[in-house]
């Protein structure tokens with residue numbers, strides 16, 4: 001069964017460490033992904049700022065960093081045209097699949113690059129970006145990140161963020177609320193005319209960390225036609241764990257289906273952006289995850305989780 005993954009950080013890994021996408025020893029490469037049944041990989045360019053920029057020894061600003069990373073992204077796609085091609089719409093994905101190629105959808109993690117300029121969204125769309133994670137772990141022009149502080153968690157989108165939601169709807173850039181404050185999540189739900197996503201998040205009820213979604217948020221996401229991509233980070237699947245079990249991934253899928261509906265369940269692996277060990281190792285283990293899903297979901301439901309829900313999101317939001 002072919003699958004879609006709504007989030008990975010492998011492009012950043014490739015750019016920072018000089019690792020090729022075709023074959024490598026990190027979570028994801030194109031050879032293993034093809035063998036595992038990948039249909040579409042959403043490829044995130046993360047733009048480091050604040051302390052994380054210092055940790056990565058990044059001296060470039062978000063815009064310069066994005067442009068450099070974008071060049072590396074295109075170099076990798078050009079070098080692997082036999083396996084993968086960029087996609088900017090649902091039709092591109094279907095055409096690539098018919099031609100026997102996987103699709104890559106370009107995304108941005110942390111909208112700091114926008115810097116309060118609506119024209120930046122137009123430029124990023126023109127550059128091929130089709131999904132944006134509004135915040136990472138720092139405040140930016142859109143709003144505020146998730147927080148362990150209850151009052152900080154209530155902070156909503158800034159006025160620019162509210163206007164940007166409407167403009168992203170118009171452009172066809174999928175809005176991603178992973179990392180966003182709960183108040184910001186509510187504002188996206190209120191102001192977005194199109195379905196949105198939590199591309200790489202899990203369930204607070206099963207693992208009480210601020211990065212996960214509450215049952216209330218899951219229901220709201222489902223009511224809006226959105227999807228939640230299950231993050232494979234051990235710390236988001238099971239509190240204080242550094243080992244991701246296949247059965248725990250399935251439990252989160254069951255919980256999302258129960259609270260948001262089966263149409264809201266998807267994969268958002270966060271491959272190459274998460275610490276810890278995975279029972280299924282990396283992208284080559286996706287058939288193991290899918291087989292485990294088949295033991296508790298009907299085959300038609302697993303097909304939704306693997307691809308149909310994400311394809312609907314792309315069709316309705318791009």
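The values are calculated or read from the model by the stated rules, or taken from the named source; none is laboratory data. Not measured: the values here are computed from a predicted model. Reconstructed Cβ throughout: ideal geometry from the backbone, glycine too, with neighbour counts over all protein chains shown.
With respect to the conditions (1) surrounded by fewer than 22 Cβ atoms within 10 Å (Cβ to Cβ); (2) part of a helix (DSSP H, G or I); (3) without any contact (Cβ under 8 Å) to a residue 60 or more places away in the chain, residue 82 lacks only one, and its number is (2).
Residues of the stretch 160-182 that are part of a loop (DSSP other than H, G, I, E, B) and either within 15 Å of residue 122 (Cα to Cα) or more than 19 Å from the chain's Cα centre (by Cα) (or both): 172, 173.
Checking each residue of the stretch 51-74 against the condition of being in contact (Cβ under 8 Å) with a residue 60 or more places away in the chain, surrounded by fewer than 19 Cβ atoms within 10 Å (Cβ to Cβ) and under 17 Å from the mean Cα position of the chain (by Cα) gives no match. When we screen 206, 235, 213 for residues that are out of contact with any helix residue (DSSP H, G or I) (no Cβ under 9 Å at 6 or more places or on another chain) and buried (at least 17 other Cβ atoms within 10 Å of the Cβ), the only hit is 235. Looking only at the stretch 277-307, residues that are over 17 Å from residue 34 (Cα atoms), in contact with a helix residue (DSSP H, G or I) (Cβ under 8 Å, 6 or more places away or on another chain) and in a helix (DSSP H, G or I) come to 7 in all.
With the stretch 1-70 as the region, which helices (runs of 4 or more DSSP H) entirely inside it contain at least 2 residues that are touching a strand residue (DSSP E or B) at 6+ places or on another chain (Cβ under 8 Å)? Steps first, please.
Values: elements: 10-17, 30-36, 50-55.
It comes to 10-17, 30-36.
The set of residues in the stretch 119-133 that are part of a loop (DSSP other than H, G, I, E, B) and buried (at least 16 other Cβ atoms within 10 Å of the Cβ) contains only 128. Confirm whether residue 157 is outside any helix (DSSP H, G or I), modelled with pLDDT of 95 or more, crowded, with 21+ Cβ neighbours inside 10 Å and out of contact with any strand residue (DSSP E or B) (no Cβ under 7 Å at 6 or more places or on another chain). Yes, satisfied. The residues in the stretch 91-118 that are buried (at least 17 other Cβ atoms within 10 Å of the Cβ), assigned to a helix (DSSP H, G or I) and touching a helix residue (DSSP H, G or I) at 6+ places or on another chain (Cβ under 9 Å) can be counted, and the count is 5. Is one or more of the residues making up the stretch 134-150 assigned to a helix (DSSP H, G or I), at pLDDT 95 or above and either over 21 Å from the mean Cα position of the chain (by Cα) or crowded, with 19+ Cβ neighbours inside 10 Å (or both)? Yes, there is a match, as at least one residue in the stretch 134-150 is assigned to a helix (DSSP H, G or I), at pLDDT 95 or above and either over 21 Å from the mean Cα position of the chain (by Cα) or crowded, with 19+ Cβ neighbours inside 10 Å (or both).
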